[in-house]
1. Is it the case that some residue within the stretch 475-491 is of a type in the set (Ser, Thr, Tyr), within 22 Å of Glu281 (Cβ to Cβ) and touching a Phe, Trp or Tyr at 6+ places or on another chain (Cβ under 8 Å)?
2. Does any residue of the stretch 386-398 turn out to be out of contact with any Ser or Thr (no Cβ under 8 Å at 6 or more places or on another chain), of a type outside the set (Lys, Arg) and within 30 Å of Val326 (Cβ to Cβ)?
3. Select from the stretch 212-233 the residues that are touching a Leu at 6+ places or on another chain (Cβ under 8 Å) and within 17 Å of Tyr297 (Cα to Cα) and write down the one among them that is surrounded by the fewest Cβ atoms within 10 Å (Cβ to Cβ).
4. On the given criteria, is Glu230 in a loop (DSSP other than H, G, I, E, B), among the charged types (D, E, K, R), touching a Phe, Trp or Tyr at 6+ places or on another chain (Cβ under 8 Å) and assigned by TED's automatic domain parsing to the domain that holds Phe437?
5. Across the stretch 56-94, what is the number of residues that are without any contact (Cβ under 8 Å) to a residue 40 or more places away in the chain, under 20 Å from Lys149 (Cα atoms) and part of a loop (DSSP other than H, G, I, E, B)?
6. Lys149 versus (1) without any contact (Cβ under 8 Å) to a residue 60 or more places away in the chain; (2) outside any strand (DSSP E or B); (3) surrounded by fewer than 20 Cβ atoms within 10 Å (Cβ to Cβ); (4) of a type in the set (D, E, K, R): which is the lone unmet condition?
7. Could you tell me which of the residues His204, His215 is closer than 29 Å to Thr322 by Cβ, modelled with pLDDT of 95 or more, under 18 Å from the mean Cα position of the chain (by Cα) and assigned by TED's automatic domain parsing to the domain that holds Ile497?
8. Could you tell me whether Glu355 is within 21 Å of Glu473 (Cβ to Cβ) and of a type in the set (Asp, Glu)?
Amino acid sequence: MERGKAGRSHYRQGTVSSDDLPPTDDIHTGSGLVAEKAKRLQKLDGLREQGTNPYPYRFDRTTTLRDLRHEFGALEAGTETEHQVAAAGRVMLLRDSGKLVFATMRDRDDEVQLFISKAVVGDEAFDAIKDLDLGDWVGVHGTVMTTRKGELSVKVERLELLSKSIRPMPDKWHGLTDTDTRFRQRYADLIVNDDARRNFRIRHEVIASFRRTLHGRGYIEVETPVLHVEAGGAHARPFITHHNTLDMQLYLRIALELHLKRLIVGGMERVFEIGRIFRNEGISTRHNPEFTMMELYQAFADVEDVIEITETLITQAAIDATGSSVVTVFRPDGGTEAIDLAQPWRRARMIDLVEEATGVAVHPSQPVEDLRALAAQHGVSVNPRWGSGKIIEELFEHTAEHTLIAPTFVTGHPVEISPLARVDRNDPYLTERFELFVGARELANGYSELNDPVEQRLRFEDEQAAKDAGDAERGSVDEDYLRALEYGLPPTGGLGIGMDRVAMLIAGVNSIKEVILFPTLRPEVF
């Protein structure tokens, strides 16, 4: 069998031809699934009665299929070698041609054809092989060859069943068409969906690239607590839990920031962490309640250093993961656009972007009544407790954010919305902070870190006042962090990057669920 050449009717799904099967949904939800599972369970009983263990403890393979293809992929058609291999994988396709059985076996990275001759394996083994089902895991011993048409194959001398598949795989041609089922049953999605496997390979390469770049610059990777006494470092609603032994309320962390900056105080100078963050908020194509952040902090640096490393990290990750700095960006209007990350990235102040969108100059020093009136003109609702800085942020989100398709560093955030960022050295109403937007999505947030403990206490007290007034996303006064600052935090630049959104960008997908193996979903009703 030449891979991909034969038609559907030649392949078996379980013990029947694919043309005889009911639709995919019937297989997985109705009597079709029940009958097929019963048939496979009978086979399982038969194997055990024959003294065969359908779930052996191990298999010693000598090669992966990727390595096999790398070493022998250039073999001429019709070549038989004496090279012995032991390989393993899942049976994806089967075709019975009388005294020959052709199968496709796939492992994590590749797939290879199995060439199985009755004359080679013997009558009893050949009959057992013919009784395999799609989805079964097998290990094979044999020699490397190519068919007359050049298909790289293993000429099987011996085959071992490694795990009997009781449930039939999703239909290879239709796959799992319901997206909720795909995300809920990721194990089934990965079996049949090439795109899903590609997305998670890219995610792995992105994270590995970040680590290489940071290690190369002298950063130390650390781990900080997930359970926090104070929920700080971001504006977000936390998950709350209870520690029984200490009889105390704790929060799942909403950011990595405050503990990492404690390490800069301690003299570690360059640290980073890639860790899970938990925010008790909504679920959408760009939000999941638990997600992955990378945060780094560098002593003796400021926002300019952080902007440079942000651009380097993401561009290099795209190259490492896909071989190209060009990515496909989804626009809010539903279209797509190719963007080369290697081109210089735009910088624009938040107040200037609002002015571009509204035609009116804005600044946090303006009377709040003027900004409320401007917000009303553009249909932006305003909370009475908000000051001028917060209203400017809302205006930006409603009028300008959707226009930021190419990579754009939005800078100069108002002090009111940046409790941990240092005041701009040229404008006391703004901060030395940026957010990175690509495809109208925020990917990163960084700034020159506020290191004045007196000013930080005042900012924390403002946060606490807003929290006490009913804003559950605002922070509180973290006395231990203030104590750390009193020991002295050197000039520091800090950065947080949403790794899931970077993986989305580089993989070219439009939903965060495509790059999180097990996204949060409503409970399944069985």
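1. There is at least one residue in the stretch 475-491 that is of a type in the set (Ser, Thr, Tyr), within 22 Å of Glu281 (Cβ to Cβ) and touching a Phe, Trp or Tyr at 6+ places or on another chain (Cβ under 8 Å).
2. yes
3. Top of the filtered list is Glu221.
4. When the stated conditions are applied, Glu230 passes them.
5. So the count comes out to 1.
6. (1)
7. Numbers: His215 fails: under 18 Å from the mean Cα position of the chain (by Cα).
Selected residue: His204, the only one of His204, His215 that is closer than 29 Å to Thr322 by Cβ, modelled with pLDDT of 95 or more, under 18 Å from the mean Cα position of the chain (by Cα) and assigned by TED's automatic domain parsing to the domain that holds Ile497.
8. Values: within 21 Å of Glu473 (Cβ to Cβ): no; of a type in the set (Asp, Glu): yes.
Judged against the criteria, Glu355 is not a match.
The values are calculated or read from the model by the stated rules, or taken from the named source; none is laboratory data. Model, not experiment: these values are computed from the prediction. When we count neighbours, we look across all protein chains shown, and the Cβ atoms used for this are built from the backbone with ideal geometry, even at glycine.
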